[in-house]
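Encoded as structure tokens, the structure appears first; notes follow it.
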Amino acid sequence: MTCSLSQAWLCRWLLLVFLLVSRSLAEEMSEHCSHMIGDGHLQVLQHLIDSQMETSCHIAFEFADEEQLKDPVCYLKKAFLLVKNIMEDTMRFRDETPNAKAISQLQRLSVRLKSCFTKDYEKQDKACVRTFYETPLQLMEKIKNVFNETKNLLEEDWKIFTKNCSDSFAKCSSPGHERQPEKTFNPQLPGFVFHVLVPSIILVLLAVGGLLFYRRRCRSHQESQTADSLVRHPEGSSLTQDADRQVELPV
């Protein structure tokens with residue numbers, strides 16, 4: 001009887017310890033995800049944006065397609081993994097520079113944030129992804145928006161990114177389609193000469209040809225009028241001679 005009472009007491013004690021540990025871990029996890037992204041991280045991203053050189057050159061990168069992913073949680077889950085890849089492969093700066101250190105800091109943050117996201121099915125990793133052609137400045141703006149929106153949602157509910165987005169991903173169209181940039185003329189591109197100078201030369205040649213044709217028509221018209229005049233009033237005619245006599249008569 002004493003043995004069974006001691007076993008029951010031990011089970012109750014172990015259950016209490018388990019509940020306390022679980023509650024402690026849940027509170028730690030909540031604090032961990034809710035406040036992982038700070039204002040300092042957003043300031044680092046803004047500094048990266050401000051330090052970008054303004055250019056009309058576009059770069060290609062894969063990013064979540066917000067037009068297909070209407071659910072903001074699922075959009076951010078998809079975008080988060082792509083941002084991590086972009087920082088590793090696309091956003092490269094010279095070692096030991098302020099921008100390179102800023103990217104390293106954001107990469108470490110992404111690794112820590114990974115524990116706040118549940119991973120959906122592997123076969124849908126490329127679903128709802130589109131290839132964009134945008135400037136580095138536009139790319140950085142996208143990344144900052146992802147971190148900012150993720151920060152806001154985590155502060156409201158630290159478990160929000162445990163949502164299963166498989167159904168939302170399955171509704172997206174097949175991957176591989178691309179969003180082309182707006183057509184702009186860039187003097188640095190090789191096609192600039194063909195697209196701008198060749199049509200200009202053709203227009204000039206057409207204008208010169210039209211002018212020459214107009215002058216030739218005018219000259220032909222003048223020659224035709226002169227010929228008609230000579231036919232109507234030939235030299236040595238009686239009318240001409242009478243007019244000459246009248247001029248030569250004395251007053």
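The values are calculated or read from the model by the stated rules, or taken from the named source; none is laboratory data. Keep in mind it's a predicted model, so treat the numbers as computed, not measured. Neighbour counts are summed over all protein chains in view; Cβ atoms, including those assigned to glycine, are modelled from backbone coordinates with ideal geometry.
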Self-check item: Lone qualifier among F63, F93 - being under 16 Å from L139 (Cβ atoms), at pLDDT 95 or above and assigned by TED's automatic domain parsing to the domain that holds T118
Solution: F63
Quiz prompt | Among residues of the stretch 59-75, those that are under 12 Å from the mean Cα position of the chain (by Cα) and acidic (D, E), counted | solution = 2
